[in-house]
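Worksheet: one structure, shown below.
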Amino acid sequence: MAVASKLTAIGIMALSLAIGFLSFYLLSDLTKEKRKRHIEELTSQFINFVIFIWLGKIVLHLPIFISDPLSILTYPSDSQSFYFAIVLISLLLLYKTKRKKLNILPFLESFIHIFLVGSFVYEFIQFVVEDNPYAFGYLILLAVLIGMFFFLQERLTTMMIVMVMMIVWSVGLVVLGFVQPFVTVFGYIMAPWFVGLFFVLSMGTLL
């Protein structure tokens, strides 16, 4: 039963991200070549992110891994592992940007498109199919963000779009964190302190 539940959760997440990628490919105003290049880079970074989550499970639960290495395969990924992966992927992207191997702003704009649409699909499934009432608040926030994103694309620079999206997303999550017991992103609980810290560091890096 636990294995089936875990596979279902993975399947929902994979479906949501797949729809996010499809939406980006169909709706992006980039050239076909640039769209393919961004999809390849984003796919690579999503794979890195999953690897970092597994690495976080090992590092943050090292005693369990030392005593029973195979148990780490069945040990559920928690929010700490998710935070750990966010920090590592942020450092990796910063490194690639500094080495001129990645143009970070167009990459972030493409990521925002995929993330918002994928997250909306995921939360919609959680609310409608899984009957999770706490998904409703984040679902509304995502709907607002998606509308803003497409509205602003023709009106603001890439830098301003990224900053506006990060500000509204971060503030929205913090507010939701205070008005309901918890807020999740792809099933991982987002603590207000982490959202605030991530927002400050990300904005500082962009500026």
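For the cross-link pairs K32/K101; K32/K98; K36/K96; K57/K98; K34/K100, the ones whose C-alpha atoms lie over 22 Å apart are K32/K98; K57/K98.
Kindly identify the range 114-207 as rounded, prolate or oblate by the Cα gyration tensor criterion: order the square roots of the eigenvalues as a ≥ b ≥ c, call it rounded if a/c is under 1.5, otherwise compare a/b with b/c, prolate if a/b is larger, else oblate. Please report the intermediate quantities before stating the final value.
Values: a/c = 2.42, a/b = 1.34, b/c = 1.80.
Here the range 114-207 falls in the oblate category.
Applying the Karplus relation 6.51 cos²θ - 1.76 cosθ + 1.60 with θ = phi - 60° to the range 92-107 yields 3J(HN,Hα) values of 5, 5, 5, 5, 5, 5, 5, 7, 6, 9, 8, 8, 5, 5, x, 4 Hz, where x marks Gly and Pro. Can you give me the Cα centroid spacing of the range 113-158 and the range 179-196 in angstrom? If we compute the Cα centre of each part, the gap is 15 Å. Each residue of the range 175-192 was assigned a 3J(HN,Hα) from its phi angle through the Karplus curve 6.51 cos²θ - 1.76 cosθ + 1.60 (θ = phi - 60°); the sequence is 4, 4, x, 8, 9, 9, x, 7, 10, 10, 10, 6, x, 9, 5, 9, 6, x Hz, with glycine and proline shown as x. For V185, the residues 5 or more places off, or on other chains, whose built amide H falls under 5 Å of its own are M190. For the chain, with all protein chains in place and a probe radius of 1.4 Å, 73% of the accessible heavy-atom surface sits on carbon or sulfur. A cut-off under 14 angstrom between Cβ atoms defines the neighbours of T205, and their net charge, with Lys, Arg +1 and Asp, Glu -1, is +2.
With labels modelled as points extended 7 Å from the Cα through the Cβ direction, what inter-label distance (nm, one decimal) is found for N48 paired with I140? About 3.7 nm, to one decimal. Geometric descriptor of the chain, per residue, is 136 Å³ (volume of the convex hull of the Cα atoms).
The values are calculated or read from the model by the stated rules, or taken from the named source; none is laboratory data. Keep in mind that what you see is a predicted model, and the values were worked out from it rather than measured. All Cβ positions, even for glycine, are placed from backbone atoms using ideal geometry, and neighbour counts span all protein chains on display. For accessibility, only protein heavy atoms count, side chains too; no ligands or nucleic acids. Shrake-Rupley method; radii C 1.70, N 1.55, O 1.52, S 1.80 Å.
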